[in-house]
1. Do any of B:LYS180/B:LYS260; B:LYS49/B:LYS260; B:LYS147/B:LYS211; A:LYS11/C:LYS161 go past 23 Å between their Cα atoms, and which?
2. Considering only A:GLY181, A:GLY224, A:LEU192, whose Cα is most displaced toward the positive end of the charge dipole of region A:45-287, charges sitting on Cβ of Lys, Arg (+1) and Asp, Glu (-1)?
3. Which whole-number percent of Cα pairs in region A:45-287 have a distance greater than 32 Å?
4. On a 0 to 90° scale, report how tilted helix B:2-22 is relative to the longest principal axis of chain B, with both axes built from alpha carbons and the result rounded to the nearest 10.
5. Which value at 222 nm does the protein assembly as shown reach when only helices count, each DSSP H run of 4 or more adding -39,500 (n - 2.57), with the total divided by all residues and rounded to the nearest 500 deg cm²/dmol?
6. What is the spin-label model distance, in nm, from A:ASP59 to C:ALA319 if the labels are put 7 Å beyond Cα along the C-beta direction?
7. What ranking do B:ILE266, A:ILE24, A:ILE66, B:ILE59 get, fewest neighbouring Cβ atoms within 10 angstrom at the top?
8. Under a Cβ-only charge scheme (Lys and Arg +1, Asp and Glu -1), can you give me the dipole magnitude of the protein assembly as shown about the Cα centre, in debye to the nearest 20?
Amino acid sequence: MSAIYTRRHIKNIAAKVLATAAIIIGLVFLVWILWITLVNGISAFNWRLFTKITAYGPDGGLSNAIVGSLIMDLIAIAICAPIGVLAGTYLAECASSSKFGATVRFLNDILLSAPSIVLGLFVYVIVVIPSTSLSGGAVSFSGFAGSVALALIGLPVIVRTTDEMMQLVPTTLREAALSLGIPQWKMTLQVLMRAAMSGIITGILLALARLAGETAPLLFTAFGNNYMSVHPLDKMASLPVAIYQYTNDPNPTLHAIAWAGALLITLFVLALSLLTRLLFSRKKVSYD
Amino acid sequence: MFKSMKSRIAVAAAASMICMTAGATDITGAGSSFVYPVISKWSAKFAEKTGNHVNYQSIGSGGGIAQIKAGTVDFGASDKPLDEATLDKFGLGQFPDVIGGIVPAFNVPGIDAGKLVLDGKTLSDIFMGKVTMWNAAEIAKLNPGMKLPAQKITVVHRSDGSGTTYNFTHYLSQVSPTWKSKVGEGTAVNWPAGIGGKGNEGVSAYVKQIKGSIGYVEYAYALQNHIGYAIMKNAAGKVVKPETKTFQAAAATADWKHAKNFKLLITNAPGANAWPITATSWVIMYKQPKNVEHTKVTMDFFKWAYEHGQDDARSLDYVPLPASLVKQIETYWKTEYKM
Amino acid sequence: MQANRPETAARDIEHRSRKDARHDRIFRGILRFCALLVLAALLGAALSTLWGGREVLFKDGFHFLTSDAWNPVTDNYGALAPIYGTLVTSIIAIVLAVPVSFGIALFLTELAPGWLRGPVATAIELLAAIPSIIYGMWGLFIFVPFMADHVEPHLADTLGKIPFIGAVFDGPPLGLGILTAGIVLAVMILPFISSVMREVFQTVPSRLKESAYALGSTTWEVVWDIVLPYTRSAVIGGIFLGLGRALGETMAVTFVLGNSYNITASLLMPGTSISSSIANEFNEAVGLHRSALIALGFLLFVVTFIVLLIARLMLRQLAKREGK
């Protein structure tokens with residue numbers, strides 16, 4: 001009897017120790033990666049990053065890449081936020097239990113995990129090639145094409161969060177509004193959206209955090225630019241692509257600049273994800 | 001969605017063309033990473049001088065050819081010349097921009113740059129995966145008295161399509177029949193051994209990081225990044241160092257006068273002082289460009305580079321084109337390009 | 001609004017409700033259109049890769065899947081090496097990440113004191129927020145040398161000497177390679193799997209757990225015999241979600257995998273994966289080569305689709321049991 005008890009006890013202790021070890025492994029990697037980025041990034045930090053362009057290589061900075069990333073990220077959000085919010089609203093309000101709704105929801109989840117490089121290929125086919133032939137080569141790779149690719153990354157995040165957030169709004173609120181004779185569109189826009197606003201904004205910020213760090217879909221859409229370009233139809237530089245190129249280079253000065261860029265992106269993305277947690281800490285939403 | 005997007009782009013494109021002609025001209029080039037260091041240096045200076053931006057992205061020679069054919073860039077740069085049929089089919093023209101050397105780069109602790117001697121046969125056996133140890137008899141025979149470590153050789157090659165690979169495999173095919181029949185030559189080949197790095201940059205980075213590795217990179221990459229490089233026994237049987245002088249010696253044996261569309265490879269050149277893996281890089285452009293303005297600026301750029309960029313080229317260990325060749329290129333522009 | 005006479009009022013109301021109904025229809029139409037855009041984006045992406053890869057997919061068909069050649073000189077392409085690399089790295093990632101994720105979920109739901117749960121869970125989920133290019137840089141500059149100097153020589157000296165298994169851990173300690181890529185992937189998918197596990201563990205009714213505790217069960221027994229069987233399908237679903245992530249990851253893998261088309265048994269040797277092949281070669285590829293790369297993209301889509309479908313079905317089973 002006591003032998004069994006001891007065995008069970010030992011097993012239990014072992015499980016607890018291993019579980020604690022697991023959490024330590026997870027935290028070690030987090031701290032390791034963040035620490036390396038922080039140390040290397042700070043030691044390479046320099047105001048030149050913001051004032052000089054990448055054309056000067058080791059003597060240059062990242063200003064055009066930073067500007068390019070900001071422009072493309074904003075355009076991407078401007079494209080995917082309205083579509084995503086409306087599509088999410090549709091799923092929650094008009095198709096919460098229909099077969100069509102279930103299909104869209106499933107396909108949205110697929111899009112959420114779709115390899116981003118394949119989405120980049122898709123945008124190359126539907127935006128870059130047509131715009132090249134339509135404009136006679138004047139517009140080929142462009143910041144706009146990059147934005148469309150990024151929008152495809154952000155879209156499913158917004159759809160999913162909006163869907164889940166709208167479903168959290170109590171039914172009584174809908175019934176109260178409808179019983180006052182308000183049409184559905186007004187009820188949705190003015191009552192439900194207001195109630196779910198913080199959740200929807202969370203979704204948009206999460207989408208921004210996700211697409212800001214994407215490299216793969218930009219490789220054959222935005223192309224890259226060594227000079228400052230602010231026109232969305234020009235080839236445009238971006239921070240992740242600049243980091244990718246500099247990392248592939250053996251020159252240690254370029255590595256240092258890449259680390260500084262990596263620190264910028266990481267800080268931006270982590271700040272966004274922490275902000276979303278503050279904004280919406282009441283109910284956790286899964287965004288796997 | 002498709003249609004609306006198309007029309008939106010068309011409208012925006014029309015709008016942007018108006019904007020673009022107003023200010024300085026931005027031209028885009030893509031291709032060979034072999035010439036990236038020198039073109040980017042020229043580009044920064046040219047921008048200060050004229051205000052025109054040459055945005056050159058190093059995506060590999062294969063990519064340069066693909067993108068110029070697709071019309072997504074103004075010029076492509078390739079270390080592999082196109083043949084006449086392809087040039088005619090697409091209405092493209094090509095001319096050289098710079099000459100440089102490819103060196104076998106290695107990372108073996110204890111052996112300094114410019115000390116290790118290799119010949120074509122041994123180099124091809126290493127890249128075939130036949131010679132696998134640094135202290136193998138083949139290497140020891142070429143380096144009598146050198147202390148070679150018993151370390152495994154890790155081959156590093158290009159993972160992308162590349163003119164550097166084309167010149168390198170062309171050379172290996174010239175010196176080794178086995179290589180010619182088993183692997184062949186091309187901008188990308190089916191490598192019998194090793195790991196792949198993207199661009200000259202990627203290969204140099206891997207060589208620098210992996211002990212016991214050997215790769216092939218453009219000379220400037222090895223020099224700037226302090227990577228060990230081998231010296232080679234050339235076709236004349238003489239051991240030569242990679243330097244401007246030996247690249248020039250290889251270029252001097254080239255008969256450009258009779259090379260149609262400048263299609264001429266100068267690897268394994270016969271000269272006594274010739275570096276065996278010397279390569280030329282070409283610029284490829286449409287003869288009847290859709291955007292005449294951009295093509296003109298591109299020509300201005302290279303004209304400026306031939307005249308004023310020689311010191312920059314030399315400082316990066318490229319060989320500027322000889323004056324006679326520049327004259328030949330300018331004639332080519334006048335006769336072949338309809339603008 | 002002067003509705004003195006009843007007919008006017010009635011007409012007014014009727015007019016308004018008709019207007020409202022029309023607006024509602026338009027509104028629903030707009031919403032539906034946006035939902036259809038999501039659908040179109042996914043189908044478009046899948047079909048455009050099918051179309052772009054048609055030359056290879058329909059010409060070579062099955063041969064494309066089984067051939068290990070990748071020879072741009074002779075224009076002969078087979079998907080076996082990239083598929084092999086993708087699968088092996090993903091499997092390593094799953095094998096490493098699942099037990100660790102389980103431990104994390106166990107710790108966060110059963111062991112940690114209340115005040116610790118929130119911050120630690122947030123920290124683990126921050127791992128998911130780090131952009132993959134950062135994983136790539138860390139992998140290449142820090143983790144690859146670490147593996148080459150401290151891990152792989154020992155692996156080759158110990159496990160590599162054992163007959164049969166030895167071949168798996170044989171080879172020069174490059175640092176780069178399939179094993180390293182698998183480990184980096186494992187860290188990347190850790191937060192996804194552990195957060196699903198944690199969430200579904202929380203759905204287990206407390207009275208079930210409490211009954212077990214009341215009968216004298218240890219924490220381990222409650223988790224292993226009560227929580228896990230109750231949530232089994234959802235846990236498997238979470239694992240498949242992580243697998244879906246690992247299969248499609250590009251940038252981090254490209255940096256540490258080594259980009260070689262040779263299929264070797266050794267995990268210490270370099271390999272290639274579908275997504276890193278595309279990232280490396282797409283801009284340079286022309287003709288059949290480009291078609292082969294797009295066809296690889298299509299394969300990746302199909303595989304991810306199947307994996308995620310399984311994940312969803314598994315997760316839905318749990319939702320059904322909860323009566324949702």
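No lab work stands behind these numbers, since they all come straight from the coordinates. None of these values were measured; they are calculated from a predicted model. Heads up, the Cβs are rebuilt from the backbone with ideal geometry, glycines too, and the neighbour counts pull from every protein chain shown.
1. Values: B:LYS180/B:LYS260 25 Å; B:LYS49/B:LYS260 33 Å; B:LYS147/B:LYS211 16 Å; A:LYS11/C:LYS161 32 Å.
Pairs exceeding 23 Å: B:LYS180/B:LYS260; B:LYS49/B:LYS260; A:LYS11/C:LYS161.
2. Checked the options; the winner is A:GLY181.
3. Looking at region A:45-287, the distances longer than 32 Å represent 30 percent of pairs.
4. Taking Cα atoms only, the helix is inclined about 90 degrees.
5. Mean residue ellipticity, 222 nm, calculated: -19000 deg cm²/dmol.
6. My value for the distance between the label points is 5.9 nm.
7. Values: B:ILE266 23, A:ILE24 14, A:ILE66 19, B:ILE59 31.
So the residues, fewest neighbours to most, are A:ILE24, A:ILE66, B:ILE266, B:ILE59.
8. Result for the protein assembly as shown is approximately 1820 debye, rounded to the nearest 20.
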